[in-house]
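Visitor: Structure below; questions to follow.
The values are calculated or read from the model by the stated rules, or taken from the named source; none is laboratory data. As the structure is a prediction and not an experimental result, all values here were calculated from the model. Don't worry about glycine lacking a Cβ; one is built from the backbone with ideal geometry, like all the others, and counts go over all protein chains shown. Just the protein is used for accessible areas: all its heavy atoms, side chains included, with ligands, DNA and RNA removed. Shrake-Rupley method; radii C 1.70, N 1.55, O 1.52, S 1.80 Å.
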Amino acid sequence: MKQVKYFFMILTMVAATTFVSCSDDDDTTVRVRVNGVAFDNGDDFNGDVDGDFTGTGGSATRTFMWQNNLSRADYNADITSTAAGTFNIVVRDIDGNVVLDRSLEGATEPDSFSGVTDSGASGIWSVTITLTNFNGDGSFSLSEGN
């Protein structure tokens, strides 16, 4: 009986050591927050939207839907000048056509961009924000444009 007891005690110690040694000490996180007027009880937004993001070296992708009643949109994005990693925004119109695909690389100039998207079909557009190995913070905005 003592041998079985010692066996389980050793097995428990080995398992605990394995789980501790596999822990993630890097603590990399990424957060993307979108602000706007929500509709349809989900990540669907109506009107102007803006958001911010922060990261400590992690990667993440966030997609949300946005109601654009016009055929173009004004856009703006910026990151901290000392940020590392990549910020990317891809906007597709209701037909799935890409009307915007822009990126910012951290720790290089420029650290912001703005403009007007290509023309697309009005309706519910999808917006995908991707942060890759991002360490820093930034913001973005979209509004209906002419």
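Visitor: Per residue, how big is the convex hull around the C-alpha atoms of region 33-143? Give it to me in cubic angstrom, could you?
Guide: Details: hull volume 8.9 nm³, N = 111.
Expressed per residue, the convex hull around the Cα atoms of region 33-143 is 80 Å³.
Visitor: Show me, for region 117-124, the HN-Hα J-couplings you get by feeding each phi into the Karplus relation (A = 6.51, B = -1.76, C = 1.60, θ = phi - 60°), rounded to Hz, glycine and proline as x.
Guide: Computed from phi, the couplings for region 117-124 are 5, 5, 6, x, 7, 5, x, 8 Hz.
Visitor: Below 10 angstrom from the Cβ of I79, what's the summed charge of the other residues (Lys, Arg +1; Asp, Glu -1)?
Guide: Values: positive: none; negative: D78, E105, D111, D137.
Combined, the nearby Lys, Arg, Asp and Glu give -4.
Visitor: Quick one: Karplus J couplings for region 82-89, per residue in order, coefficients 6.51, -1.76, 1.60, θ = phi - 60°, nearest Hz, x for Gly and Pro?
Guide: Values per residue, Gly and Pro as x: 9, 5, 10, x, 10, 10, 9, 10 Hz.
Visitor: Check F45: other-chain or 5+ apart residues with amide H under 5 Å from its amide H, H built from backbone geometry?
Guide: F39, M65, W66, Q67
Visitor: With every protein chain left in place, what is the accessible area of F87 in Å² (1.4 Å probe, nearest 10)?
Guide: Number for this one is 0 Å².
Visitor: How large a share of the accessible area of region 33-143, in percent, is made up of carbon and sulfur atoms when the probe is 1.4 Å and the other protein chains stay in place?
Guide: On the way: 2160 of 5090 Å².
On region 33-143, the fraction of accessible area on carbon and sulfur atoms equals 42 percent.
Visitor: Tell me, what is the percent relative contact order of region 33-143, built from C-alpha pairs under 8 Å that lie six or more residues apart?
Guide: Working: 307 pairs, mean separation 43.3, N = 111.
The normalised contact order for region 33-143 reaches 39 percent.
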